[in-house]
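K.L.:
One structure, as structure tokens, below. Some questions next.
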Amino acid sequence: MCVLTVCSATTSRAAISLFDRPRAMSTSTSRSRGVGPSSLGGVPITLGWRAKCAISRLVTVGASSASPAATTRTADTSSSGVASLSRKPLAPVALLAELATIVDPRARRAESLLAAGKVDLDELVDIALYADDTAEIDRLNGLVGLGIPARQDVHAAVEQIRTALERQAGASTQAAETAESAGRLLAEALSLHQHAGDRACPVCGAGNLDTAWRRRAERDLDQMHALARNIREARADVTTTRERLLSLVGALPAVLRENTGDSTVTTLAEAWQAWTDLRPMSPTELVSAGVSAHVELSKALDHARDSATTRLKELDQLWQPVAVRLMGWHDAADVLYAESELLSLLKKAEAWLKQSTASLRDDRMAPIGDEAQRIWESMRQHSDVSLESVKLAGASTRRRVSLRAVIGSTETAAFSVMSQGELHTLGLSLFLPRATMDASPFRFVVIDDPVQAMDPGKVSGLADVLARIATTRQVIVFSHDDRLAEAVRRLPDPPTMWEVQRRRQSAVHVVRSMDPIDRYLDDARALANTSEMPRDIRGELVANCCRGALEAAAHRKYRTAHLRRGESLADVESVLSAAPTTHAVLSLAVFDATGHEGELYRRLSADLDHRAVGALKACKVGAHVGLDEDLRPFIRNIERLTHWVAR
């Protein structure tokens, strides 16, 4: 059943019109196609919620000032706590801020590493726990690790040189110095005697080389060999002990070659250089300079070591809590990176959810948009504004309906070019498809005063649209505008109409709303039965009511015929308003043109009888001077005339 509410100009309140229509639906169909809160087009809504929960679980390790936590370059968390996937890397803000306040090369390395796209966790462990490859830490550790020979070793080496020098000095007599060369000469003489036998000495010529000489010479040669061997061993011992001391003197370390501006390091470098300068010294110089150079080097090294150790302790005291935080971040990030495959799947799931949501939204919106365009075309009635598309656009809190309109061949936004009446028409075009969706559990539509600011053409189009909807829905319309009532009466299957009247003391009465033709005739009958009214006045009023009934029938006949031909309502109304007399209006209804008033009586006489002709003439005259005849037969003949005109 469809209910259409209109207003009669003769009432003080609205009127209700009811169309009786069969319901083209069943309760089971409505339930089966309804969209409940747990599903959307067959896709469970909980899928999106679960995916978001999983995403939140992965990105809850965000930056925190209380404790460091890992973040990921592929996850982001908004201030409201809603998780979404992105490729923007995140870093623990509080931890980075703390690193920025620490004067430590490890802090600089950690800052650079955390700002990278994906953190190398192994390198982060090296920085937090070891960090041996940083420049300052390397230098300080190098200073602490420097070593020199022990004092007792240097003293022992110097004493060995001194002992060797003393032995060399004791062995270096005049006889010892010449023993080696004299021994070679005596050995040659013995060799000559062995081969040539006894003979005179070839050197002095005074002595004889005989057996006695040979025995003396062999004894002297043994002594000479012993002296030469002793001095060679003493010299070799000096060389060995010198090399032993010099082996304790190392080259200048690389850590001391850099100009760091540290006075302790500079002093150590100078002392170490003095230590290395011992190498070209003679053994005697080494005995006097070796111990003093080692003492100065030992003092400078102890001072440099103490300074480096103090600096390392200072750095460790600052770095240790940061290292703990870095390792906490590392542990959380390690878990997160291990779940990177799940994160990738979640990204795909989120993309699928967005795509599916958009697809489902477009699929659900498509029939609404198509129906809105059809309703607009039915109601616009020769308007030059064409509604091309109705789509949903935007996302989240910025979702909106996008309406594209075309004026002629120019595309534009719909709202900017529509009049007030067209905007009301557009609102109905968007409301009615949604209200009549199969998924809607409501099988009725209620509209309040829909024809405001509409021109007659759009009102007529609205009546056609409501009649179509009334085949499957109950349609209730409230209106104070008689144009809608007149429009629905022109429908092929006109409605039964009711008027809501407010009478004395605000008493509300619902009465049958009569057709204007029937109302005129009913008023004529009521006047004819009013005996208290003077006869001449009564006859004139009855004649005017009957003329109104004839003109109403003629108007309906002409409007209905021409509107069905596709003519605009404005053109039809223009023709009707140009007909000045009742005969002219009847001529339009019967002959579809004016100027046939003379033929009107002949057609009436042929189709009906002379009584109908007489009634028409009496109606024309009586409307001005009244009627002096029996009014009841006159009204019956006029009723016959209205049926003939409206057929």
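The values are calculated or read from the model by the stated rules, or taken from the named source; none is laboratory data. All values derive from a computational prediction rather than experimental measurement. Methodologically, a virtual Cβ is constructed for each residue, glycine included, from the backbone with ideal geometry; neighbour enumeration extends over all protein chains shown. We work out accessible area using only protein heavy atoms, side chains counted, and drop any ligands, DNA or RNA first. Shrake-Rupley method; radii C 1.70, N 1.55, O 1.52, S 1.80 Å.
K.L.:
Out of curiosity, is Asp362 open to solvent by 50 Å² or more (accessible area, probe 1.4 Å), within 30 Å of Val572 (Cβ to Cβ), among the charged types (D, E, K, R) and in contact with a strand residue (DSSP E or B) (Cβ under 8 Å, 6 or more places away or on another chain)? Explain how you work it out, then say what you get.
P.N.:
Details: open to solvent by 50 Å² or more (accessible area, probe 1.4 Å): yes; within 30 Å of Val572 (Cβ to Cβ): no; among the charged types (D, E, K, R): yes; in contact with a strand residue (DSSP E or B) (Cβ under 8 Å, 6 or more places away or on another chain): yes.
No, not satisfied.
K.L.:
Among the residues of region 89-117, which ones are part of a helix (DSSP H, G or I) and either modelled with pLDDT under 80 or of a type in the set (A, V, I, L, M, F, W, C) (or both)? Step through it out loud before you land on a result.
P.N.:
Let us first name the residues in region 89-117 that are part of a helix (DSSP H, G or I), namely 93-100, 105-114.
Within region 89-117, Val93, Ala94, Leu95, Leu96, Ala97, Leu99, Ala100, Pro105, Ala107, Ala110, Leu113, Leu114 meet the criteria.
K.L.:
Suppose we filter Asp133, Asp120, Asp126 for residues that are open to solvent by 60 Å² or more (accessible area, probe 1.4 Å), modelled with pLDDT under 75, at negative phi and within 60 Å of the chain's Cα centre (by Cα); which single one remains? First the steps, then the outcome.
P.N.:
Values: Asp120 fails: modelled with pLDDT under 75; Asp126 fails: modelled with pLDDT under 75.
Matching residue, one of Asp133, Asp120, Asp126: Asp133.
K.L.:
In addition: Scan region 310-348 residue by residue and report those that are under 20 Å from Arg108 (Cα atoms) and of a type in the set (Asp, Glu).
P.N.:
Glu314, Asp316
K.L.:
Of everything in region 593-615 that's open to solvent by 60 Å² or more (accessible area, probe 1.4 Å) and among the charged types (D, E, K, R), which residue is farthest from Leu641 (Cα to Cα)?
P.N.:
Glu599
K.L.:
Let me ask you something else. Tell me which helices (runs of 4 or more DSSP H) are completely within region 436-534 and hold 1 or more residues being in contact with a Phe, Trp or Tyr (Cβ under 9 Å, 6 or more places away or on another chain) and either within 30 Å of Asp630 (Cα to Cα) or not β-branched (Val, Ile, Thr) (or both), or say none if there are none.
P.N.:
Qualifying helices (runs of 4 or more DSSP H): 456-469, 516-528.
K.L.:
What pairs come out if I take residues in region 385-402 that are in contact (Cβ under 8 Å) with a residue 60 or more places away in the chain and pair them with residues that are of a type in the set (Gly, Ala, Ser) and open to solvent by less than 70 Å² (accessible area, probe 1.4 Å) whose C-beta lies under 8 Å away, six or more apart or interchain?
P.N.:
none
K.L.:
Out of everything in region 373-422 that is of a type in the set (Asp, Glu) and touching a Lys or Arg at 6+ places or on another chain (Cβ under 9 Å), what residue ends up being most open to solvent (accessible area, probe 1.4 Å)?
P.N.:
Checked region 373-422; the qualifying residue most open to solvent (accessible area, probe 1.4 Å) is Glu411.
K.L.:
Can you pull out the residues in region 336-356 that are of a type outside the set (Asp, Glu) and open to solvent by 90 Å² or more (accessible area, probe 1.4 Å)? Lay out the reasoning, then the answer.
P.N.:
Just the residues of region 336-356 that are of a type outside the set (Asp, Glu), to begin with: 336-338, 340, 342-349, 351-356.
Passing the criteria: Leu345, Lys348, Trp352, Lys354, Gln355.
K.L.:
Mind checking which residues of region 439-478 are charged (D, E, K, R) and either surrounded by fewer than 24 Cβ atoms within 10 Å (Cβ to Cβ) or touching a His at 6+ places or on another chain (Cβ under 9 Å) (or both)? First the steps, then the outcome.
P.N.:
In the first step, residues of region 439-478 are kept if they are charged (D, E, K, R); the result is 443, 448-449, 455, 458, 464, 468, 473.
Residues satisfying the conditions are Arg443, Asp448, Asp449, Asp455, Lys458, Asp464, Arg468.
K.L.:
Do we find that Ala589 is within 30 Å of Lys458 (Cα to Cα) and in contact with a helix residue (DSSP H, G or I) (Cβ under 9 Å, 6 or more places away or on another chain) in this structure? Explain how you work it out, then say what you get.
P.N.:
Numbers: within 30 Å of Lys458 (Cα to Cα): yes; in contact with a helix residue (DSSP H, G or I) (Cβ under 9 Å, 6 or more places away or on another chain): yes.
Yes: the conditions hold for Ala589.
K.L.:
Which count do you get for residues in region 496-545 that are in contact with a Gly (Cβ under 9 Å, 6 or more places away or on another chain) and among the β-branched types (Val, Ile, Thr)?
P.N.:
Final tally of qualifying residues: 3.
K.L.:
Among the residues of region 298-319, are any part of a helix (DSSP H, G or I), open to solvent by less than 90 Å² (accessible area, probe 1.4 Å) and among the aromatic types (Phe, Trp, Tyr)?
P.N.:
Yes - at least one qualifying residue is present in region 298-319.
K.L.:
Anything in region 423-436 that is in contact (Cβ under 8 Å) with a residue 40 or more places away in the chain and either among the small types (Gly, Ala, Ser) or open to solvent by 50 Å² or more (accessible area, probe 1.4 Å) (or both)? List them, or say none.
P.N.:
Scanning region 423-436 gives Ser429, Arg434.
K.L.:
For region 606-616, indicate whether the set of residues that are farther than 30 Å from Asp536 by Cα, out of contact with any helix residue (DSSP H, G or I) (no Cβ under 8 Å at 6 or more places or on another chain) and assigned to a helix (DSSP H, G or I) is non-empty.
P.N.:
Step one: list which residues in region 606-616 are farther than 30 Å from Asp536 by Cα, which gives 606-607.
Among the residues that remain, those that are also out of contact with any helix residue (DSSP H, G or I) (no Cβ under 8 Å at 6 or more places or on another chain) are: 606.
Next cut, assigned to a helix (DSSP H, G or I) only: 606.
Checked region 606-616: at least one residue is farther than 30 Å from Asp536 by Cα, out of contact with any helix residue (DSSP H, G or I) (no Cβ under 8 Å at 6 or more places or on another chain) and assigned to a helix (DSSP H, G or I).
K.L.:
State all residues of region 257-281 that are in a helix (DSSP H, G or I), modelled with pLDDT of 80 or more and within 17 Å of Pro149 (Cβ to Cβ); if no residue qualifies, say none. Step through it out loud before you land on a result.
P.N.:
Step one: filter region 257-281 for residues in a helix (DSSP H, G or I), giving 263-276.
Keeping just the survivors that are modelled with pLDDT of 80 or more gives 263-274, 276.
Scanning region 257-281 gives Leu268, Ala271, Trp272, Gln273, Ala274, Thr276.
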